[in-house]
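Structure first, then comments.
The values are calculated or read from the model by the stated rules, or taken from the named source; none is laboratory data. Predicted, not measured: the structure shown is a model, and the values here were computed from it. Glycine gets a Cβ as well: all are built from the backbone with ideal geometry, and neighbour counts include every protein chain shown.
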Amino acid sequence: MTFSDVVEAIKILSADEKQEIQLFLKQYLREERREEISENFKSAQVEKQKGLLKFYANINELRQLIEE
C-alpha cells in the first residue's frame with residue numbers, strides 16, 4: 001500500500017473515523033518523539049561517561065563554540 005493509497009482510503013472515512021485516525025497519529029508521533037528523546041539521553045550518558053561532553057557556565061563561551 002502506498003502513501004497515496006492511504007490518503008485515498010482516509011478520504012472515504014466518516015468524520016468520526018478521521019478524527020480517531022488523527023488521535024492515533026498524534027499518539028504515535030508522541031511515542032516516537034519520546035523514544036527519540038530517550039535514545040538521545042542514553043547517547044549523551046555514554047558520551048558523558050567517556051568524557052566527551054563539556055558543560056559551560058559562561059553563555060558567551062557556549063555561543064562562541066556554537067558559532068565555530
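Worth a mention:
- Any hit, segment 31-45, residues being surrounded by 11 or more Cβ atoms within 10 Å (Cβ to Cβ), modelled with pLDDT of 90 or more and either over 20 Å from the mean Cα position of the chain (by Cα) or charged (D, E, K, R) (or both): no
- Scanning segment 4-30 for residues that are among the β-branched types (Val, Ile, Thr), assigned to a helix (DSSP H, G or I) and out of contact with any Leu (no Cβ under 8 Å at 6 or more places or on another chain) gives Val6, Val7, Ile10.
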